[in-house]
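These notes concern the structure reproduced below.
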Amino acid sequence: MLLFALMQPSAWAEETQRIAAVVNEDAISDFDLDARVRLIAFTANLRGSTETLRRMVPEILRTLIDEQLKLQEAKRLEITIEDEEMESAMRRIESRNGISDGELETTLNQEGIPTSTIFTQIRASLAWEKIVRNRLYPRVIVSDDEVDEQVSRLQQYEGAPEYSVSEIFLPIDDPTLENAVRETVERLSNEARTSKNFPRFARQF
């Protein structure tokens, strides 16, 4: 059962240990929230977009809550993440952000971002991949006919234009927040068009 309480986030620049949310037995502090905001500001090149970041705080907090739920489920299922998996994921992040191999932690420290926030994000992502793989893959049965159909479809469109599509989905859990979420979407859209870094935005959400 999910038991969590949302509290009004403090200003995102405050590095305090006040509680922003409680997810079952785990607490998310304002410090954790601030660290993730800083990480997004860095990876999405939003350092100067204070107002956009401020409006994104509720969505960022929801992301942290989701990550805690994933980690708690992984713990319940006794799913572990090996050091080699963490290292591999960090190398991919470095490659996407133009950071030299092995320099991610140093770069984050220079930006005033605690490495714990990226570690939590990576661990939750890897853990959820394993949960989905362990639970769903054994139930998936692909017939030879389905394989042939897919090959035929690919051959049919061979040489046609192809597009890589990414999306950012922001749910509206509370109808009274629809306007606020819409404003966040519009700001994100404008920032993504200006910075031309939509993939970075999509990866953070």
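Are any residues in the range 128-186 within 30 Å of LEU61 (Cβ to Cβ) and polar (S, T, N, Q), and if so, which ones?
ASN134, SER164, SER166, THR176, ASN179, THR184
Screening the candidates GLU78, GLU84 for the property of being open to solvent by 70 Å² or more (accessible area, probe 1.4 Å) and part of a helix (DSSP H, G or I) yields one hit, GLU84. Out of all the residues in the range 94-105, which are open to solvent by less than 60 Å² (accessible area, probe 1.4 Å) and without any contact (Cβ under 8 Å) to a residue 40 or more places away in the chain? Those that are open to solvent by less than 60 Å² (accessible area, probe 1.4 Å) and without any contact (Cβ under 8 Å) to a residue 40 or more places away in the chain: GLU94, ILE99, GLY102, LEU104. Scanning the range 28-51 for residues that are over 13 Å from the mean Cα position of the chain (by Cα), of a type in the set (Val, Ile, Thr) and buried (at least 19 other Cβ atoms within 10 Å of the Cβ) yields one hit, ILE28.
Pairs meeting the criteria (first residue in the range 131-151 and among the hydrophobic types (A, V, I, L, M, F, W, C), second residue in a loop (DSSP other than H, G, I, E, B) and surrounded by 10 or more Cβ atoms within 10 Å (Cβ to Cβ), beta carbons under 7 Å, at least 6 apart or on different chains) are ILE131/LEU77; ILE131/ILE79. Of the helices (runs of 4 or more DSSP H) contained entirely in the range 112-201, those carrying at least 1 residues that are of a type in the set (S, T, N, Q) and touching an Asp or Glu at 6+ places or on another chain (Cβ under 9 Å) fall at 115-136, 178-195. Is it the case, given these coordinates, that GLY159 is surrounded by fewer than 15 Cβ atoms within 10 Å (Cβ to Cβ), on the phi > 0 side of the Ramachandran plot and under 22 Å from the mean Cα position of the chain (by Cα)? When the stated conditions are applied, GLY159 does not pass them.
Yes/no per residue for (1) out of contact with any Ser or Thr (no Cβ under 7 Å at 6 or more places or on another chain); (2) polar (S, T, N, Q):
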{"site": "LEU46", "(1), (2)": "no, no"}
{"site": "PRO58", "(1), (2)": "yes, no"}
{"site": "LYS75", "(1), (2)": "yes, no"}
{"site": "ILE81", "(1), (2)": "yes, no"}
{"site": "THR120", "(1), (2)": "yes, yes"}
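Quick check on ALA127: is it in contact with a Lys or Arg (Cβ under 6 Å, 6 or more places away or on another chain) and either of a type in the set (D, E, K, R) or surrounded by 10 or more Cβ atoms within 10 Å (Cβ to Cβ) (or both)? Taking the combined requirement at face value, the residue satisfies it. The single condition from (1) buried (at least 18 other Cβ atoms within 10 Å of the Cβ); (2) more than 28 Å from ASP26 (Cβ to Cβ); (3) at pLDDT 85 or above that GLU67 fails is (2).
The values are calculated or read from the model by the stated rules, or taken from the named source; none is laboratory data. Everything numeric here is computed off the predicted structure, so don't read it as measured data. Every residue, glycine among them, receives a Cβ derived from its backbone with ideal geometry; neighbour counts consider all protein chains shown. With ligands, DNA and RNA removed, areas are computed over all heavy atoms of the protein, side chains included. Shrake-Rupley method; radii C 1.70, N 1.55, O 1.52, S 1.80 Å.
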